[in-house]
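The values are calculated or read from the model by the stated rules, or taken from the named source; none is laboratory data. Keep in mind that what you see is a predicted model, and the values were worked out from it rather than measured. Ideal geometry is used to build each Cβ from the backbone, glycine not excepted, and the neighbour counts take in all protein chains shown. Remember, those area values only see protein heavy atoms, side chains included, never the ligands or the DNA or RNA. Shrake-Rupley method; radii C 1.70, N 1.55, O 1.52, S 1.80 Å.
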Amino acid sequence: MKKQTTILILLVHLSWLLFPSIIAAAPKQTPNFIVIFCDDLGYGDLGSFGNPTIRTPSLDRMAAEGQRWTSFYAADSVCTPSRAALLTGRLPIRTGMFSDTRRVLFPDSAGGLPSSEITMAELLKTRGYATAAIGKWHLGWQPEFLPMKQGFDSYFGIPYSNDMDATFRPSARSEYFNFLKNPKREYWNVPLMRNEQILERPAEQTTITERYTDEAIKFISANKSKPFFLYLAHSMPHVPLFRSKKFENKSARGLYGDVIEELDANVGRLLDTLRHLKLDRKTLVIFTSDNGPWATFEEQGGSAGLLRGAKGGTYEGGMREPTIFWQPGVIKPGVVTDIGSTLDLLPTFCALAGVKAPADRALDGYDLSEALRGRGRGPRQTMFYWRGSRLYAARHGSFKAHFITRSEYGGEPEVTHDPPLLYNLDHDPSEKWNVADKYPEVIAEIRRIAEAHKSGIPPVENQLDKRIAVSRTR
Ligand code: MG
């Protein structure tokens with residue numbers, strides 16, 4: 001025993017000699033990270049983002065104690081590409097997680113996030129972080145693409161959208177709406193998975209928000225003494241909308257409001273757990289959403305507030321998300337109007353955890369840590385709005401140019417604009433007044449930035465158009 005202890009002490013000393021640079025680079029205290037990622041939550045759906053009827057006291061408190069970012073973007077307007085971008089810090093056009101036809105992965109999709117991509121979970125694991133993915137995955141559900149192949153120690157959730165595997169074929173839109181108004185578990189035969197096994201099918205969705213949170217609380221409690229990264233991707237409020245008995249008919253906003261109020265209460269449970277375990281000052285929590293509200297479903301979808309457009313489109317409502325950063329004592333409370341994106345989370349986490357960001361590939365994010373601490377402006381000046389393989393719009397500073405527009409889901413052809421439509425988002429967040437004729441020099445600059453951006457992107461294999469042979473469908 002004594003001999004073993006001596007060897008161990010020797011090894012510890014040797015590691016200092018062998019890896020002094022690594023140890024010197026490690027910050028004093030690396031924070032835990034929690035990303036709470038909603039599905040199809042609109043910019044205007046929280047009290048703290050202006051909703052007049054939905055009550056969100058926990059998120060409003062989180063916003064008051066933390067930073068409320070008002071120009072924070074998902075990297076795409078639909079689920080799969082947006083999620084791929086968040087986890088890799090790279091635009092979908094670089095990872096193959098885009099499509100001009102299917103737009104997201106489906107249960108019969110053969111593709112997924114390639115293993116050659118490096119996720120934030122994989123990076124944080126190199127620093128000894130415990131990692132868990134809970135909730136919607138939607139980055140491939142064939143065995144080689146599941147969360148545990150992408151840097152997560154465990155997984156619990158519905159691996160794709162909760163409206164897939166429908167067991168009925170509505171003959172008309174009105175019939176589908178009737179199914180949605182009173183959704184039953186058996187209408188959508190989606191699996192609930194633990195790690196790589198199916199636990200339950202069809203998943204019981206009325207308790208899904210609460211069960212995801214229970215799992216999250218268990219993970220946090222089990223890892224309270226070591227650094228952890230939790231990716232909590234709620235299936236709600238994507239239609240079909242489910243909520244538990246406790247929240248039935250509680251909101252003035254109807255079924256959609258009930259769902260948001262239940263989400264809010266569960267964010268409250270999570271933050272209370274952090275406070276109770278004295279992890280609140282050690283844990284950076286980010287609350288945001290993958291894309292804008294699904295307006296196609298009328299009042300079953302959320303609201304983009306004063307923003308134009310919705311899920312599926314490149315007007316602001318499709319990609320600008322209600323976003324809150326929270327870490328009491330570290331994040332400087334306030335409202336931040338700087339541009340930010342889910343693409344920035346990977347470089348920010350790397351900076352805060354003392355992990356080197358991958359240098360062998362292009363990243364599309366920026367380190368926001370100085371802005372979060374209140375030490376300066378955010379570094380991001382530009383945001384690109386891709387739809388599949390096409391760059392539809394670009395924002396630089398206050399101005400956004402739309403080169404192409406198209407209805408979110410209507411199927412109408414695209415409309416090319418030359419000169420592009422130009423909006424000053426600081427004066428006109430609703431994109432109502434085209435000021436292209438007043439600022440030809442701004443258009444020239446945004447064109448230059450957009451062309452340089454496009455020319456720097458090499459072609460990659462498309463992952464979303466591949467389908468499995470029928471015999472492999474489970
Ligand atoms: Mg979504």
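Numbers below:
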| quantity | calculated |
| --- | --- |
| Kyte-Doolittle mean at least -1.0 and Cα axial length at least 18 Å: DSSP H helices in the chain | 2-18, 208-222, 254-276, 440-455 |
| Counted charge near A371, where neighbours are those whose Cβ lies closer than 12 Å (Asp, Glu -1; Lys, Arg +1) | +1 |
| Carbon and sulfur %, accessible surface of region 383-455 computed with the full protein complex present, 1.4 Å | 52 percent |
| Selection from G42, T101, S289 lying farthest towards where the dipole of the chain points positive, charges on Cβ | S289 |
| Per residue solvent-accessible surface (Å²) - the chain, probe of 1.4 Å | 41 Å² |
| Packing-based order for 395-404, 253-262, 427-436, using average beta carbon neighbours within 10 Å, highest first | 253-262, 395-404, 427-436 |
| A130 long-range amide H proximity, modeled H, under 5 Å | F228, F229 |
| Gain in span if fully extended, E451 to V435, counting 0.36 nm per residue against the direct Cα distance | 3.6 nm |
| In order through region 163-172: 3J(HN,Hα) via Karplus (6.51 cos²θ - 1.76 cosθ + 1.60), integer Hz, x for Gly, Pro | 9, 8, 6, 5, 9, 10, 10, x, 7, 9 |
| Solvent-accessible area of Y392 with every protein chain in place, 1.4 Å probe, in Å² to the nearest 10 | 0 Å² |
| Other-chain or far-sequence residues with amide H under 5 Å of G135's (modelled H) | F156, G157, I158, A233 |
| Residues with amide H under 5 Å from that of F98, placed H, sequence gap 5 or more | Q463, L464 |
| Rel. contact order, % - alpha carbon contacts under 8 angstrom, at least six apart, region 221-377 | 15 percent |
| Rounded to the nearest 10 Å², the accessible area of S171 at probe 1.4 Å | 110 Å² |
| Computed magnitude of the charge dipole of the chain (debye, nearest 20; Cβ of K, R +1, Cβ of D, E -1) | 1500 debye |
| Length-normalised contact order of region 322-474 in % [C-alpha pairs under 8 Å, at least 6 apart] | 13 percent |
| Unsatisfied cross-links (Cα-Cα over 29 Å) in the set K136/K224; K149/K246; K125/K311 | K149/K246; K125/K311 |
| Solvent-accessible surface (1.4 angstrom probe) belonging to K125, in square angstrom, nearest 10 | 90 Å² |
| Relative contact order [Cα under 8 Å, 6+ residues apart], the chain, whole percent | 25 percent |
| Proximal lysines relative to K438, as straight alpha-carbon distance under 18 Å, when same-chain residues fewer than 8 apart are discounted | K400 |
| Simple label model, 7 Å out from Cα along Cβ direction - A222 to S115, nm | 2.4 nm |
